[in-house]
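The values are calculated or read from the model by the stated rules, or taken from the named source; none is laboratory data. Owing to the predicted nature of the structure, the values given are computational and were not obtained by experimental measurement. Cβ coordinates were reconstructed from backbone atoms using ideal geometry, including for glycine residues, and neighbour counts include every protein chain displayed. Quick note on the areas: whole protein, heavy atoms, side chains included, nothing else; ligands and nucleic acids left out. Shrake-Rupley method; radii C 1.70, N 1.55, O 1.52, S 1.80 Å.
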Amino acid sequence: MFEKLKGYRVEEQKVYFQYEGAGEEKEPCVEVISDSIINVFVDYTGLGHRSRAIEWEQTQEGDTKESIRSVKPESVSQNESGVTIKTKKVTVVVGDNFHVDFYDCKGMPLSLAHRGERKKNTALSASLLAFLAKEGHAAAGSIIGDYPIQEVRSLDDKDCIYGLGDKTGFLNKRHYAYEMWNTDNPNPQEDNFKVLYKSIPFMLVLKEKGAYGIFFDNHGKTYFDMGKEGEDYYVLGADEGNLDYYFIAGGNLKDVVADYTWLTGRAPMQQLWTLGFHQSRWGYETEEEIRGIAKGLREHNLPCDCIHFDIDYMDHYKVFTWNKENYEDGGKVISDFKDMGIKSVTIIDPGVKVEEGYYVYEEGVKNDYFVKTPEGEIYVNEVWPGDAVFPDFGNPEVRKWWGEKQKYLVDLGAAGVWNDMNEPASFRGPLPNDIVFTDEDMPAPHSQMHNVYGHNMAKATYEGWKELTGKRPFVITRACYGGSQKYTTGWTGDNHSIWSHLRMAIPQLCNMGLSGMSFVGTDVGGFGSDCTPELFARWLQVGCFSPFFRDHCAKGCRVQEPWQFGEEVLAISRKYINLRYELLPYLYDLMYECEMTGMPIMRPLVLEYGNDENVKNRNDEFMLGDRLLIAPVVEQGAREKLVYLPEGIWYDYWTGEKIEGSCSFIRKAPLDVCPIYVKAGAVIPKYPVRMHVGEDKDELLILEAYPGEGTYTHYQDNGEDFSYRKGSFNTYQIHNQDGKVEIKKQHEGYRDYGKVEVKTAVEAFK
Ligand code: GLC
């Protein structure tokens, strides 16, 4: 419908275009958001931007809406090929058919509109579909055609694609197709799954030279064909809404992540204890049982900071109630755990049981807080409590109410909330698309609000806890949208105790980190199916380096606490949980870096070594920050690992052996060894092992210094509240020259460590 370009007009940072053939359509618009971020927008709905991700509430002071919108194009001009808009970092050329091309500041193409023919897949005939269905086969090739809203862009031969949130499969998403529609599918997730619990419509493209990102900010159902339909282009599609995407030009992937998280908000610092080990299970049916778990952890000398209370703790799965029959007095068990140094996190689902006299249901009905059918009846489906209704979290008043409801848990002494089933999941078929929700100030159908339901629930929960406790709220979510990282951490939902899911955990968590969700983890040991001792040991070795470290499994599956698999696995578990506790200050520094820059805690190697061909598709290694490389064993029976190290000098964490990088080699890896490598010149800050983080965290800091030269910034604060945003923190600049360490305080605003001990790491191994 956009044919020949007729003209343009500039309004502040926006350029509007007039096209032949556009009829009554709104004028498409290109807006300069910053020197490297460009918004491309066609207001098909006439409602303007309705972003739920870009809320302009940056966690850092200073990034206000005004300052973001203050950058204007350096120049706008027109010639035969179209209208050229220049900023300091990117040149945008807008031509006929609303083809938008992006070039870097040197004029090298970064991303061009696809102008060639598309390879239409032959539509599968009804008779072929019926034939395939006979033995239960679904048609594998989807019938990709045109979407009502779509953008088709070129791919170069060497382009690799990352991000897209929590998708299954491999790190590099090129040649695969996905959809964004938050989905609870308990079947074992395979590479061909198109949807999972989260929808983060953000992709990063690494080119031979340079990188860019596209945030396709449409929270309806969207489609990402990443070069499956055609080798040399990708398709972004949507069923409804606007064409609204943000192009992020970057020199490398780090620039793109920094800009994306600047735009949608950065994962803020969590409380220090959240980095500890968490124990969970669905099916701790009685108070006695869950008390036994706390006792077991301490008896087996296993550090642990948190036990999760799954739905078993509720009275008939009614949210904000306590199961007094099996669990007696909630406050007592939580406060007894506290005395043992163990925090309690309680699960809360969105589905509110339909039951007269139940206060949450009654309040919601009275105030009109539940979503409705188009006929105006409260919509009922089934979740754990049976018939249930769904709070309308898109309504600010409902979010406020839900935030206040958290007081029930705060008063019991809980330390955080685990938001589950918030796709929303429903047992009697999916919610119909026309169920009526609210989108802030107007009604909106389920089809529009589905993908932001978990996001809005997390926002309500975060805001409630912040208000009630003044501490950094610890929220974990299953469903989310782009930008949810401002409010919540996440886990990958119901995986299985199978080796392929351990392997999948690495690219999945790495891609989530690239998509802004840095504080994430999988259910260690696997949720569904029965774990084996070997799988548990190997999973724990990955989990111990994941930002969120929780052992969780399903009711009815083999018990899965670290002591359930015999002495050998218990000792291995202890070894790695202890290591996790030693690394707490390093992980905390990474969390600080994440809030400052958006860089994820757990990183694919390609984020650090984007020019190295050997890491673009590396699925079985990852980095913690930029100086620890983890090469876990993820194959059943394997007792060695083929390790690849990128350029530079590395040290084997366990033996101190020096290795020159840019090479592959085989590392012996008996069951108790997860190969770990430290970059030359690194300083790794450590705490002594402790049973929980609250024990003397500021007493002793150990600095492990590796040969070589390097500078490192260490961060320290009270680990609990927001006073750091007002300056109550210390940063130390640490310079290491072959173990000779100089420490300078950069920022002083918090108490000192009792003692700082420097250890020459490699010497220690001799
Ligand atoms: C869902 C969650 C799982 C939880 C279970 C019971 O399946 O994903 O983690 O244990 O519900 O609440």
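Using protein chains only and a probe of 1.4 angstrom, how many square angstrom of residue 316 are accessible, to the nearest 10?
In the full protein context, residue 316 sits at about 120 Å².
What would the Debye formula give as log10 I(q)/I(0) at q = 0.14, 0.19 Å⁻¹ for the alpha-carbon point model of segment 690-761, no solvent?
Those come out to -0.49, -0.83, one per q.
From Cα pairs below 8 angstrom and at least 6 apart in sequence, can you work out the relative contact order of the chain, rounded to a whole percent?
Details: 1855 pairs, mean separation 80.9, N = 766.
Averaging sequence separation for qualifying contacts and normalising by length gives 11 percent for the chain.
What number comes out for accessible area per residue over segment 359-403 if the probe is 1.4 Å? Units Å², please.
Here the residues of segment 359-403 average 42 Å² of exposed surface.
On the full set of protein chains, 1.4 Å probe, figure out the accessible area of residue 207 and give it in Å² to the nearest 10.
Near enough 20 Å² of accessible area.
Report ³J(HN,Hα) in whole Hz for each residue of segment 71-87, in order, from the Karplus equation J = 6.51 cos²θ - 1.76 cosθ + 1.60 where θ = phi - 60°; Gly and Pro get x.
With coefficients 6.51, -1.76 and 1.60, one gets 7, 10, x, 5, 7, 9, 8, 10, 9, 4, 7, x, 9, 9, 10, 10, 10 Hz.
Give me the distance in nm between label points sitting 7 Å out from Cα along the Cα-to-Cβ direction at residue 614 and residue 239, one decimal.
Once both label points are built, they end up 4.6 nm from each other.
Over segment 602-679, with the other protein chains present, what is the accessible area per residue in square angstrom, probe 1.4 angstrom?
Working: 2950 Å² over 78 residues.
That works out to 38 Å² per residue.
Just read off the accessible area of residue 503 with the full protein assembly in place, 1.4 Å probe, to the nearest 10 Å².
Accessible area of residue 503: about 90 Å².
Please list the non-local residues whose amide H lies under 5 Å from the amide H of residue 708, H modeled 1.01 Å from N, same-chain partners needing a gap of 5 or more.
Correct list: 681, 738, 739.
Per-residue HN-Hα couplings for segment 566-571, Karplus 6.51 cos²θ - 1.76 cosθ + 1.60 at θ = phi - 60°, whole Hz, x for Gly and Pro?
These are the phi-based 3J(HN,Hα) values: x, 4, 4, 5, 4, 5 Hz.
Suppose R0 equals 60 Å. What FRET efficiency, 1/(1 + (r/R0)^6) with r the Cβ-Cβ distance, do residue 6 and residue 663 give to the nearest 0.05?
For R0 = 60 Å, the calculated efficiency reads 0.55.
For the chain, what % of the accessible area comes from carbon and sulfur atoms, probe 1.4 Å?
Numbers: 13410 of 27760 Å².
Here it works out to 48 percent.
For residue 439, which sequence-distant residues (separation of 5 or more, or a different chain) have an amide H within less than 5 Å of its own amide H, given hydrogens modelled in the peptide plane?
Placed amide hydrogens put 444 under 5 Å from residue 439.
Among DSSP beta bridges whose residues both lie in the chain, state the antiparallel percentage, nearest 5.
So the antiparallel bridges in the chain amount to around 80 percent.
So what's the back-of-envelope 222 nm ellipticity for the chain, counting only DSSP H runs of four-plus at -39500 (n - 2.57) apiece and dividing by all residues, rounded to 500?
-6000 deg cm²/dmol
Which ³J(HN,Hα) values, rounded to whole Hz and listed in residue order, are derived for segment 261-277 from phi using the Karplus coefficients 6.51, -1.76 and 1.60 in 6.51 cos²θ - 1.76 cosθ + 1.60 with θ = phi - 60°, glycine and proline given as x?
Karplus values, whole Hz, x for Gly and Pro: 6, 5, 6, 9, x, 9, 5, x, 4, 9, 5, 4, 4, 5, 7, x, 7.
Whole percent per 10 Å bin, from 0 to the bin with the longest distance: what is P(r) over all C-alpha pairs of the chain?
Pair shares across the bins are 3, 14, 24, 26, 20, 10, 3, 0.
How big is the C-alpha Rg of segment 602-679 next to the rule-of-thumb value 2.2 N^0.38 Å, as a ratio?
1.01
Quick query: amide H of residue 309 versus all other amide H atoms, modeled in the peptide plane; which residues come in under 5 Å with a sequence gap of 5 or more or a different chain?
When sequence neighbours closer than 5 places are left aside, the close amide H contacts are 345, 346, 347.
Per residue, what accessible area does segment 690-761 have, given a 1.4 Å probe and all protein chains present, in Å²?
49
So how do 10, 452 rank on accessible area, 1.4 Å probe, biggest first, that is with the largest at the start? Could the numbers behind the result be given before it?
Values: 10 70, 452 0 Å².
If we order 10, 452 from most to least accessible, we get 10, 452.
Rg and Dmax of segment 451-505 over Cα atoms: what are they, in angstrom?
Every Cα atom of segment 451-505 included, Rg and Dmax give 13.7, 42 Å.
Using the basic label-point model (7 angstrom from Cα toward the beta carbon), what is the residue 380 to residue 362 distance in nanometres?
With each label placed 7 Å out from Cα toward Cβ, I get 1.8 nm.
Between segment 437-467 and segment 581-617, what is the C-alpha centre distance in whole Å?
So the two Cα centres are separated by 30 Å.
From the protein chains alone at 1.4 Å, what is the descending order of accessible area for 49, 714, largest first?
If we order 49, 714 from most to least accessible, we get 49, 714.
Using only Cα atoms, figure out Rg for segment 635-762 and give it as a multiple of 2.2 N^0.38 Å.
Here the Cα radius of gyration is 1.26 times the empirical estimate.
So how far, in whole Å, is the C-alpha centre of segment 725-757 from the one of segment 420-436?
Cα centres, segment 725-757 to segment 420-436: 50 Å.
Need one number: the % of Cα-Cα pairs in segment 384-464 sitting beyond the 14 Å mark.
Roughly 64 percent, rounded to a whole number.
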